1. Multiplying the sequence separation of ALA132 and MET232 by 0.36 nm and subtracting their Cα-Cα distance, what value in nm do you get?
2. Hey, what do the phi angles of the stretch 114-128 turn into as Karplus ³J(HN,Hα) couplings, whole Hz, using 6.51/-1.76/1.60 and θ = phi - 60°, x for Gly and Pro?
3. Is the C-alpha gyration tensor of the stretch 143-196 telling us rounded, prolate or oblate? Criteria: a/c under 1.5 is rounded; beyond that, a/b larger than b/c is prolate, otherwise oblate.
4. Quick query: amide H of VAL230 versus all other amide H atoms, modeled in the peptide plane; which residues come in under 5 Å with a sequence gap of 5 or more or a different chain?
5. List LYS207, LYS139 from most exposed to least, where exposure is judged by having the fewest other Cβ atoms within 10 Å.
6. Tell me, ILE109, ILE202 in order of fewest to most beta-carbon neighbours within 10 Å?
7. Once phi is turned into θ = phi - 60°, what whole-Hz ³J(HN,Hα) does the Karplus curve with 6.51, -1.76 and 1.60 give for every residue of the stretch 132-141, x standing for Gly and Pro?
8. Sorting check: for 110-117, 213-220, which peptide has the highest mean count of neighbouring beta carbons within 10 Å, and how do the rest follow?
Amino acid sequence: MKDDSFGRDASCGRDPSRRRDAACAPLPLGALLALVLGSLASAVLTVGTAATFLMALMLTAGEARAAQPGERAAAAPGAPAATAARAAQVAQTAPSGKAAAPRHDPALIARGRYLVQTAGCNDCHTPGYAEAGGQVPEKAWLTGDRLGWRGPWGTTYPTNLRLRLAEMSRDEWLRFARAMQPRPPMPWFNVRAMSDQDLTAIWAWVKAMGPAGEPAPQALPPGQAPVGPVVMFPQ
């Protein structure tokens, strides 16, 4: 029975009476080398198989890690309502090129409020401000007025600045304030004389207050009679 690693009878070498038997003769050198080389080749194949297996495991782990961001993204629609609401809030308050409402320093907003109150903006652009001696809730400031101003230029109405500036970025507002020249009685020259810092402060306050009110009536050309109350200037 052949059971040793070189294919010889396991009893050879143990029974003295068989030491010279042809069955127990040593294998030829060529056969021995062939067996050794075959064993080495088998070992190499075994190591290669193990290496291939390990590489397969590593690739599988890498694919699993790469898939995790996609899995998280796919899970996003099922996120809690509070998280979705927070994301929507961030998206709404993120700066944009059009009508962003950035979070300004409270001191800048307070400066804008002061300028709106003391520079005469409310006198025309806030309904009932002069008649009430300035005692109008702040939430109604700069919401425009339906009281017309009639003169040789026609009839004009104070613009709702809370709506107008809501559509403007800071840079758009600065360019508009520097270039506008509306009809009377708007003192556009005083607005042009303001510094960029003061104009920015007014814009920041308006943005902080947010849109409110309704658009003012459209201006009328000379000779067209207005409907509603007006302040008459000499013709």
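None of the figures in this text is laboratory data; all of them are computed from the coordinates on show. Since the structure is predicted, the reported quantities are computational estimates derived from the model, not experimental observations. Here the Cβ positions follow ideal geometry from the backbone for every residue, glycine too, while neighbour counts run over all protein chains shown.
1. Using 0.36 nm per residue and subtracting the Cα-Cα distance, I get 33.9 nm.
2. Each residue of the stretch 114-128 in turn: 4, 5, 4, 6, 9, 8, x, 4, 5, 4, 10, 8, 10, x, x Hz.
3. Oblate, since a/c reaches 1.5 and b/c is not below a/b.
4. GLY148
5. Fewest to most other Cβ atoms nearby, the residues stand as LYS139, LYS207.
6. The order, fewest Cβ neighbours first, is ILE109, ILE202.
7. 8, x, x, 8, 10, x, 4, 5, 9, 5
8. Ranking the peptides 110-117, 213-220 by packing returns 110-117, 213-220.
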